[in-house]
Amino acid sequence: GTNEYDLLVVGGGSGGLACAKEAAQFGKKVAVLDYVEPSPQGTKWGLGGTCVNVGCIPKKLMHQAALLGSALKDAQHYGWNITQPVNHTWSVMAQAVQNYVKSLNWGHRVQLQDKKVKYFNMKGSFSDTHTIRGLTKAGKETVVTAENIVIATGGRPKYPEHIAGALEYGITSDDLFWLKESPGKTYDKIKNDVSLECAGFLTGIGLDTTVMMRSIPLRGFDQQMASLVTEHMESYGTKFLKRCSPTKVEKLENNRLQVTWKNTDLGTEETDSFDTVMWAVGRAPDTETLNLKAVGVKTNSETGKIIVDASEATSIPHIYAVGDITEGRPELTPTAIAAGKLLARRLFGQSSELMDYENVPTTVFTPLEYGCVGLSEEAAVQCYGSDNIEVYHAYYKPLEFTVAERDATQCYIKMVCLREGEQRVLGLHFIGPNAGEVIQGFALGIKCGATYPQLMKTIGIHPTCAEEVTKLHITKRSGLDATVTGC
Amino acid sequence: QEAAKYEKKVLVLDFVIPTPLGNSWGLGGTCVNVGCIPKKLMHQAALLGQALQDSRKFGWEFTEEVKHNWMTMTEAVQNYISSLNWGYRVALRDKKVTYENAYGEFIGPHTIKTTNKRGVENIYTAQRFLIATGERPRYLGIPGDKEYCISSDDLFSLPYCPGKTLVVGASYVALECAGFLAGLGLHVTVMVRSILLRGFDQDIANKIGEYMEEHGVTFIREFVPIEVKQVAEGSPGILKVVAKSTKEDTIIEGEYNTVLLAIGRDACTRRIGLDKVGVKINEKTGKIPVNDQEQTNVPYIYAVGDILQDKLELTPVAIQAGRLLVQRLYGGATRKCDYVNVPTTVFTPLEYGACGYPEETAMEKFGEENIEVYHSHFWPLEWTVPSRDNNKCYAKIICNIPDNERVIGFHVLGPNAGEITQGFAAAMKCGVTKEQLDSTIGIHPVCAE
């Protein structure tokens, strides 16, 4: 045909860039459109998408800053003489993180260049099924045509717009990582893991942080584990207002913000003032501006996400979607990357391999980290019945916590297996330090169909936290004390 | 403890012959007292020193000069160890296992003589015996070694800071100790006879050495000490070490506060009366050969742990072997200890986790044309902000091409190597192939991905 490009990717994030670069490997003519609509507070960033700029990367770095605060306390027990008080300066951390993110933006641009992928810093919308209209910040228009189009525009944080003052005075994760000055006393209205993570590191660097939850934390995750995570955060210093809903946000004379909320348990109305109010009530795709209606790409009416089949195809031929914008998929960078790569291989590399979304491991980087892969206990019970599953569990204490005199109450491991036959492992849940490092290899084992006996045959590495997984032997069913004792 | 579960009448004899410098410890063995546990805690102390430096880049502020106090650390470590010693005594008592703090020697069939610290003797008979006496550090056999040098048996409870230290040896014990001593701010030199970490993947061993050199450890390669003299008394004093090159006639001298010998360990099998009951040992190494059920050549005498010939000297292996043995003897079980693909981790400043074949061994066993090695350097996200050690961390997997590209070797060099390696070891136990590895989604952002 007379299309300019073989592949046009709209959205330069984890999924989009991976797809574009992979397609370029096959010698195809590829272009990427990436544009960041500034947040209501005016924050914007460079190429790379959510993960790089306002997600995984800055989050993990600030989480590390908080962990280092704990390390400083531990260090004294281990003989290091640090004179108190120890202070944290937000701007030093923020600048270091922001500089690193900018180096990644640069790195992505160089990579695209090296792989001969054309990059447009433009906001794209559909004109027809093979045509995208790109608009620069200045309003200059460019029309781009392509044989195949991949939509990978991701999502942006939602605002609870029905709450007065939410939009004018509140920030989201889009803004938090780019703040030049400390957020101070922070109010965090949450729904998901993003916000628990933020509340966690804000507490860790010494800020007075309150989390408000309407119902349950970490919806979709194993709820026993979610409770342990929030229990730890409470003992760590984060304040929780449970079963509360904010009703309005007002600005006070001293520029602080006053939040009013309803306590659904007590039926009362309460207020408090904060320096910062951060909303983390979910993310939504920005499909309005894509003009999907013009080409008939079907979206889920409730979530607004694009409906795709197992091959990432939308309802319109030659138009695909990957990443956070797709309905029913995990909102994770590695799945977006893998899906993007496989899509490119199917389009241009004669591959037929589809993306496998089963048993995708993930980690919540709260002060005490939670890593998991496979089914939650409740999902396993629902799927197989509680009589047909066996849950092995253990409370353990990381060796490093002993000398540091740290509380290990919430350090816990749980493995959900089928009870009969070879006892295949359905899900593994780990709370403790370095949870992501621990879970990754076991996720590989689960991909191989690991069974409980196989895990028990595996010798542990001593002394680590991960070895406790290979030593799990107390079942929930037995009712016995699951605390690990001795060496 | 496992045997007591089957309501067997069990006696445990444990006795620690003091080190040449007079050091001793409680119940629990090497791991708890002078091995894994204190080692990892002191390694953690060193890592925290690094964390302090990193934390400044992450916005933490505190005084420029931070010093380490050896006594604070050692006291804390020893207190924890004491709690473990106590815990074991309580556990044995609770499980109704009789414990005697006495030295055991066979004096005839089914009969053992015990001698306690005060020289009081007892005689016991048993239907079955399990020898698990482990090993002790080897000395060089040169003038001054036993009088003036310390070993890992002494280091973890040393009542004074070791100061400027010479570590003799290139074992993981040597490198781990040298590593954390340097991390605590001490001046450390390592004297190596030939190669580092014999038996481990040599490519990785060299990377470990390089990293240590870049982080303040001096290496003297291809030299062995021939004499240790005392220059000045003290805690620590000053010692003069004379060393000879292994290649030429060169002699060098150096002065140190402490000389730590870590040249290997010898099995404690030569003076426990094994000849009286006919248990065969390897005369050269002192190790005991056993069959795949941990049975010696004498049917009612078994052995587990570091003293076994051709087995790995690791705590989890010893524990597993011991438990399974008892389950077979008294529980009707048939499961044997699986010694294949046992993972391990070397807790050097840059940690090294491994499972399966080193690259050179894989090449030798399967042939170079049948091996594919996939590898990558990586930069932990946490090291970016402090701008530290870009391109030092490394991972490689070794695959057997004809066998579905099965992963037969896993090696990772980086932080939290043990935590990373454990799960991959489980996957290898499940027979993971390269394809399965490729189809596993990573957790982002972590090193393991």
Which of B:TRP379, B:VAL432, B:ALA4 sits closest to the plus end of the dipole of the protein assembly as shown, meaning its Cα is farthest towards the positive end, when Lys and Arg get +1 and Asp and Glu get -1 on the C-beta?
B:ALA4
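For the range A:59-196, give the magnitude of the charge dipole about the Cα centre (Cβ charges: +1 Lys/Arg, -1 Asp/Glu; no others), in debye to the nearest 20.
Values: 18 positive and 12 negative charges, 63 e Å.
Using Cβ point charges on Lys, Arg, Asp and Glu, the range A:59-196 gives about 300 debye.
What number, in percent, do you get for the relative contact order of chain A if the mean sequence gap of Cα pairs under 8 Å and at least 6 apart is divided by its residue count? Show your work: numbers first, answer last.
Details: 1021 pairs, mean separation 75.3, N = 487.
Relative contact order comes out at 15 percent.
Classify the range A:55-95 from the C-alpha gyration tensor, please: rounded if a/c falls under 1.5, else prolate or oblate depending on whether a/b exceeds b/c.
On the way: a/c = 4.40, a/b = 1.84, b/c = 2.39.
Verdict is oblate for the range A:55-95.
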Span-like helices, chain A: DSSP H, alpha-carbon axial extent 15 Å or more, mean Kyte-Doolittle 0.5 or greater, which ones?
A:193-204, A:333-348, A:435-447
Helix by helix, which DSSP H runs in chain B go 27 Å or more along their axis at the Cα atoms and have an average Kyte-Doolittle hydropathy of -1.0 or more?
B:36-57, B:70-94
Mean shadow area of the range A:158-282, taken as a quarter of the surface of its Cα convex hull (nm²):
7.6 nm²
Given springs between every Cα pair under 10 Å in a Gaussian network model of chain B, which of B:THR125, B:THR269, B:THR315 has the largest fluctuation?
B:THR125
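Give me B:GLU405, B:GLU105, A:GLU234 sorted ascending by neighbouring Cβ count inside 10 Å, so fewest comes first. Before the final figure, lay out the partial values.
On the way: B:GLU405 19, B:GLU105 16, A:GLU234 12.
In order of increasing Cβ crowding within 10 Å: A:GLU234, B:GLU105, B:GLU405.
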Most mobile of B:PRO349, B:PRO415, B:PRO402 per a Gaussian network model of chain B (Cα springs, under 10 Å)?
B:PRO402
In Å, what is the Rg of the alpha-carbon atoms in chain B, and how long is Dmax?
23.4, 69
In whole angstrom, the spacing between the Cα centers of the range B:16-50 and the range A:185-256 equals 42 Å
Explain nothing, just the number: relative contact order of the range A:158-282, from Cα pairs under 8 Å at least 6 residues apart, as a whole percent.
35 percent
Place +1 on the Cβ of every Lys and Arg and -1 on the Cβ of every Asp and Glu in the range A:368-478, take the dipole about the Cα centre, and give the residue among A:ILE413, A:SER376, A:TYR452 whose Cα lies farthest towards its positive end.
A:TYR452
Here P(r) for the protein assembly as shown, Cα-Cα distances in 20 Å bins, as whole percents, is 13, 42, 33, 12, 1
Looks like the range B:138-264, by Cα gyration tensor root eigenvalues a ≥ b ≥ c and the a/c under 1.5 rounded cutoff (else prolate when a/b is bigger than b/c, oblate otherwise), is oblate
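Dipole of the range B:138-264, Cα-centred, from +1 at each Lys and Arg C-beta and -1 at each Asp and Glu C-beta, to the nearest 20 debye? It would help to have the intermediate numbers written out before the result.
Working: 11 positive and 17 negative charges, 31 e Å.
Here the range B:138-264 has a charge dipole of around 140 debye.
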Counting residues in the range A:368-478 as N, plug N into 2.2 N^0.38 Å and put the Cα Rg over that result.
1.04
Tally the DSSP beta bridges in the protein assembly as shown and give the antiparallel ones as a percent, rounded to 5.
65 percent
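Set the bar at 22 Å for Cα to Cα. Now go through A:LYS189/A:LYS248; A:LYS189/A:LYS251; B:LYS39/B:LYS429; B:LYS164/B:LYS247; A:LYS471/B:LYS8 and name every pair that lies beyond it.
Working: A:LYS189/A:LYS248 12 Å; A:LYS189/A:LYS251 17 Å; B:LYS39/B:LYS429 28 Å; B:LYS164/B:LYS247 27 Å; A:LYS471/B:LYS8 24 Å.
Check vs 22 Å cut-off fails for B:LYS39/B:LYS429; B:LYS164/B:LYS247; A:LYS471/B:LYS8.
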Positive end of the dipole of chain A, charges at C-beta (+1 Lys, Arg; -1 Asp, Glu), about the Cα centre: which of A:TYR395, A:PHE120, A:GLY12 has its Cα farthest in that direction?
A:PHE120
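Find the eigenvalues of the gyration tensor of the Cα atoms of chain A, then list the square roots of 5 times those eigenvalues as equivalent ellipsoid semi-axes, largest first, in whole angstrom. Spell out each step's value before the answer.
Numbers: eigenvalues 288, 187, 95 Å².
After scaling each eigenvalue by five and taking roots: 38, 31, 22 Å.
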Charge dipole (debye, nearest 20) of chain B; +1 at Cβ of Lys and Arg, -1 at Cβ of Asp and Glu
1980 debye
Test of understanding: ordering A:HIS77, B:HIS411, B:HIS444 by Cβ neighbours within 10 Å, fewest first, what list do you get?
A:HIS77, B:HIS444, B:HIS411
Using Cα pairs under 8 angstrom and six or more residues apart, how large is the relative contact order of chain B, in percent?
14 percent
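Rule-based calculations on the coordinates, nothing more; no lab input. Predicted model, so just to flag it, every value in this text is computed and none were measured. FYI the Cβ positions are ideal-geometry reconstructions off the backbone, even for glycines, and counts take in every protein chain you see.
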